[in-house]
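Asker: Quick one: structure below, then a few questions.
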Amino acid sequence: MVWLRHILFAVTVCVVPIVVHAQEPVEKPDVGQSIPDVTQSPEPDLGGIPVTRKPFTTLPGKAPQQPATTADSTMRRIAGAMSARYYPSVYPRGGADFSRNIFFYDYSSGGDLMRWKGGALVGSGSRTTMPGLFSHQNASLQAVHTVGNLMFTAGVTADRYLLTRGLKTVYGINASATYNFNENLSLTVFGRFYNNSPYVSMAAMPYIGSSAYGGYVSYTGERFGINLGVERVYDPFLRRWTTVPIVTPMINFGRGIVVELPVGWFVKELVEDAVYDKKQPRNPTILPPTLPPPSPSVIPPPSGTDGSF
C-alpha cells in the first residue's frame, strides 16, 4: 500500500496550488477601453441603492435599475394586504419590534375635525401600555356645543384591550351638560354607558371604562378646587350597580398643570366601616341545634336459644 500513499501525496501537491490560484482576485480591464467612442465615467448615483458592475453582454448603455426585493419588504406587503380578521394584532402590520422598549408604540393625538359657531367636533386616538396589566387602544369622537352658560357634550368611544387572555373590544356612548353659575362655580350631570364592562383584575379595574351616571358641583379657585357629588357605577366584579360619592380635590400648579385626586371610593369605604360595622346584624343566620350522636345498638339474641349465636 506504499505506492497508494505516494499517488495520493502527488495528487494533493498538484491540486492545492490550482485551488489557491483560483481563489485569487482577477483584475479585468474595463470594457470601455476596448470599444471605440466609449470613455470611462464614474458610477452613476442611484439614490443610495448599492449596485455591482456586471460584464456587458450588449453594447454599453443605460439599463433601468430595479432595487432588489428583500424578504422583509415582501412580508410587510403581504401582511399589509391581509384582512384585519386574519391579523388580530394591536401592533403595526409590519410587526412589533421590542428591541427598543415596550412603550415604543404608545402615542396620543387629537384635534378639531369641524368647527361651527359655539361648538366643535373633536377626534382623538391613543395607545397606552401598562406592563403586567394590559395594552389599551382608544378612539373617540366628541361633539361640544355651548349656549350661553350651558355647555353640552356627546360622543362615542371604542376601546380595545390586549389582555393575557386575548383581545377585548368595548364600545360606549357618553353625554354631559354643565351650567356655569359664575367663573368659580358650576353644576354638571353626566352619563356613560358601555356595551360590556369586562372584569380583568382588581388592579386593572380603575383603568377600564365602566357604565355610570350622576352629577357633581365644581368649585374652582386660583390654586385649589374640588368636585362634590354622587354617581351610580356598575361594578364588574360584583356585577351590580353601586352608589359612590364624588370627592375630587384639585390643585393648580400653574402653567396648565392641574392634579386631581379622586377619593370617592375611599370615602365610601370609610363611611361603610363607620356606620355598618357598629350595628348588629338584623337577621343573623342561626344554625339548628346539633343532635346527639346515636347510641350503639344492642341486638338481642334469637328467642329459644341460650344466648349464644
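Read-outs: derived from the displayed coordinates by stated rules, not from any lab. Keep in mind that this is a model prediction, so the values were computed, not measured. Reconstructed Cβ throughout: ideal geometry from the backbone, glycine too, with neighbour counts over all protein chains shown.
Asker: Taking the Cα centre of segment 128-279 as origin, work out the dipole magnitude from +1 charges on Lys and Arg Cβ and -1 charges on Asp and Glu Cβ, in debye rounded to 20. Kindly include the intermediate steps, with their values, before the conclusion.
Answerer: Details: 12 positive and 10 negative charges, 86 e Å.
With Lys and Arg at +1 and Asp and Glu at -1, about 420 debye.
Asker: Which residues does the label zone of Y219 cover in segment 161-204, counting backbone N under 16 Å from a point 7 Å along Cα→Cβ?
Answerer: Those under the cut-off are 181-188.
Asker: May I ask you to compute the full-extension gain from L167 to T146, defined as 0.36 nm times their residue separation minus their alpha-carbon distance, rounded to one decimal in nm? Show your work: numbers first, answer last.
Answerer: Values: separation 21, 0.36 × 21 = 7.56 nm, distance 3.78 nm.
Contour length minus the Cα-Cα distance gives 3.8 nm.
Asker: Count the net charge of all other residues whose Cβ sits under 13 Å from the Cβ of I173, scoring Lys and Arg as +1 and Asp and Glu as -1.
Answerer: Combined, the nearby Lys, Arg, Asp and Glu give 0.
Asker: Which GluC sites (Glu not before Pro) from segment 204-279 combine a DSSP loop assignment with at most 13 other Cβ atoms within 10 Å?
Answerer: Working: sites: E222, E231, E260, E269, E272; in loops: E222.
For GluC sites (Glu not before Pro) across segment 204-279 that sit outside H, G, I, E and B with at most 13 neighbouring Cβ atoms in 10 Å, the list reads E222.
Asker: Roughly what would the spin-label model give for A274 and Y199, points 7 Å off Cα along C-beta, in nm?
Answerer: If labels sit at A274 and Y199, their model points lie 2.9 nm apart.
Asker: Hey, can you grab everything whose amide H is under 5 Å from the amide H of S211? Only 5+ residues off in sequence or another chain; H modelled, so Pro and N-termini drop out.
Answerer: Result for S211 returns Y194, Y234.
Asker: Please list, by residue number, every one of the chymotrypsin sites (Phe, Trp or Tyr not before Pro) in segment 195-272 that is coil in DSSP and has at most 11 other beta-carbon atoms within 10 Å.
Answerer: In loop regions of segment 195-272 (DSSP not H, G, I, E or B), the sparsely surrounded chymotrypsin sites (Phe, Trp or Tyr not before Pro) are F237.
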